[in-house]
1. Answer with yes or no whether ASP133 is touching a strand residue (DSSP E or B) at 6+ places or on another chain (Cβ under 9 Å), among the acidic types (Asp, Glu) and part of a loop (DSSP other than H, G, I, E, B).
2. Any residue at all in segment 121-144 that is free of Cβ contacts under 8 Å to residues at least 12 places away in the same chain and either of a type in the set (Phe, Trp, Tyr) or over 27 Å from ALA56 (Cα atoms) (or both)?
3. Which of the helices (runs of 4 or more DSSP H) found entirely inside segment 477-576 contain at least 2 residues meeting this: closer than 21 Å to ILE42 by Cβ and not assigned by TED's automatic domain parsing to the domain that holds ALA50?
4. Is there any pair with a first residue in segment 229-258 that is within 20 Å of ALA58 (Cβ to Cβ) and a second that is of a type in the set (D, E, K, R) and surrounded by fewer than 24 Cβ atoms within 10 Å (Cβ to Cβ) whose Cβ atoms are under 6 Å apart and which are 6 or more apart or on different chains, and what are they?
5. Of the numbered conditions (1) part of a helix (DSSP H, G or I); (2) within 30 Å of GLU291 (Cα to Cα), SER197 fails exactly one; give the number of that condition.
6. LYS551: surrounded by fewer than 16 Cβ atoms within 10 Å (Cβ to Cβ), among the charged types (D, E, K, R) and at pLDDT below 95, yes or no?
7. Only one of these conditions is not met by PHE399: (1) surrounded by 13 or more Cβ atoms within 10 Å (Cβ to Cβ); (2) over 30 Å from PRO305 (Cα atoms). Which number is it?
8. Which residues, counting only those in segment 126-177, are under 27 Å from the mean Cα position of the chain (by Cα), among the small types (Gly, Ala, Ser) and surrounded by fewer than 22 Cβ atoms within 10 Å (Cβ to Cβ)?
Amino acid sequence: MNGGTIIAKVLQQQGVKFLFTLCGGHISPIFVEAKRAGIRVIDTRHEVNAVFAADAVARITGVPGVAAVTAGPGLTNTITAIKNAQMAQVPLVLLGGAAATILKGRGSLQDINQMALMKPNVKWAATIKRITDIVPTLQKAFAIAKTGIPGPVFVECPIDLLYNEELVREWYGAKNDAPARTLQEKAVKWYVNRHVSGIFKGKDSIRFDVPVPPISYPKHTGSQVAGMSQKIAAANRPLMLIGSGAIMNPQQTIALANAIEQLGIPVYLSGMARGLLGKDNPLQLRHNRKEALREADLILLAGVPCDFRLDYGRHLNSSAVHIAINRSAEDLTKNKKPDLAILADPGECLIDLVQLNPVKPDAVKNWLASLHTRDAGRETDIYQRAQQEVEGINPLQLFKHLETQLPDDSILIADGGDFVGTAAYTLRPRKPLSWLDPGAFGTLGVGAGFALGAKLCFPQAEVYIIWGDGSCAYSIMEYDTFARHNLPVISIIGNDASWAQIARDQIEILKDDCATTLAHSDYEMVAHAFGGRGRRVQTMPEFAAALQEAKEGLNKGIPYVINAIIGKTDFRKGSISM
């Protein structure tokens, strides 16, 4: 039983179904033994996408996603995805290869100070030093990833702890039966033998039935829920904002959706909470959030910090009662101190709040009607803008059509700036956990990795990547991975030959398009190169036909790229965030 076998056994016990990797000699036993243990191994074309895929699995299932990458550059390639997971509060476990324990710091291949690199970007980082450390270290890693505020952890796995002892002794020369000829040779042979014996000591007594570290996070109290209920009962214009921080336990999304229904408070959903109430729930508002926040007399933020997305709290009516629920003490009071701050899981807290039935239906009915009137006005404006003729396809019209074609099991992956921002105004996620975006880090490049994870978790679902022509280039090579692993997804690229979200304001302010210009490239040919299909479209009839062709190919396992040549509009003018 080598170290890879032990790791695979722990992954099984933790409920891990998928391992994402890019091969490397430092880590081969991990993914080979995972495959033998029945864990599905998905090898990507870039390590960052392996981690993004693990991130998506964690968000959708609640089980920490797992990626294994080789040492040195294999690990450095993951930093953006790891930091994104940290800021998005996603539990995942990154297994990193490393130089042999006896060779660290001596100039071996790809040997760098990986711990110094990773510690600032993860909740916890550890190096395995003996084979008997593998089980407790990994169990602790999974527990820490899920405890409190979820996040990524890093476990460094030196190469000599992953292979069989006999082979390691051969590598070290410790198995050489030739007698040492000098005192120095004797000393080296003694030291090497002692080192190998030390790292493999106890290998035959490893147990997997040791107690698993408990998972804990802050809990609300009955008095806190009662206080919240009293404040809501006194409000005439209550408003809820529910974000990713309320969806840390995917298993309770249905109960949370039911609770929101029973509370009857108008709500805006963001991040991973998008889709929580389905497509057409009358409690959900989609537009003019800033105006609603300024008019509300009570604002409840559930898993939503007052960061740049709320203009650091300035969007909130300063005279409104402000309630915040968050697992993170930092996010709970970020930039604005609430009147009632509850350090707890927002989803659980709202589910318990229902029992007190705090809402005044008549008052909220009038308030909700006024919000819907304004929402309807914005929808009319969007419809009219969608009818405008532009050179190429009007992106609003494209998404209006796509909206009519999305089935109830569709999952939307948002990876881009301007094009994705337009999609957020028009597409309506059909169910909980059906919208994945990077989160607060604003990372480009999550698309293919997120799609990999989503399609594996829900193989029958239609998975769509909404890509800008800028962001698609970060991960479009994973169409090779989609094809090899029979994971058909549909990508829609909004191709306006520009980094449009940046260019729009840059050109107006600085009078220069420097570094923002792309080309109307034939991105669909990448899919063809790897055995998929795709089409370049320049009109709405062409887009509709390509979408139908893409959907028909899903049952045949064919991944598809729609390269939509879109026109430039001012729909999202001034949307750049600072």
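The values are calculated or read from the model by the stated rules, or taken from the named source; none is laboratory data. Nothing here was measured: the structure is a model prediction, and the numbers come from that model. Every residue, glycine among them, receives a Cβ derived from its backbone with ideal geometry; neighbour counts consider all protein chains shown.
1. no
2. Yes; the residues of segment 121-144 include at least one that is free of Cβ contacts under 8 Å to residues at least 12 places away in the same chain and either of a type in the set (Phe, Trp, Tyr) or over 27 Å from ALA56 (Cα atoms) (or both).
3. 479-484, 524-529
4. Partner pairs satisfying both residue conditions: none exist.
5. Looking at each condition in turn, SER197 falls short on (2).
6. So LYS551 fails the test.
7. (2)
8. ALA126, ALA143, GLY148
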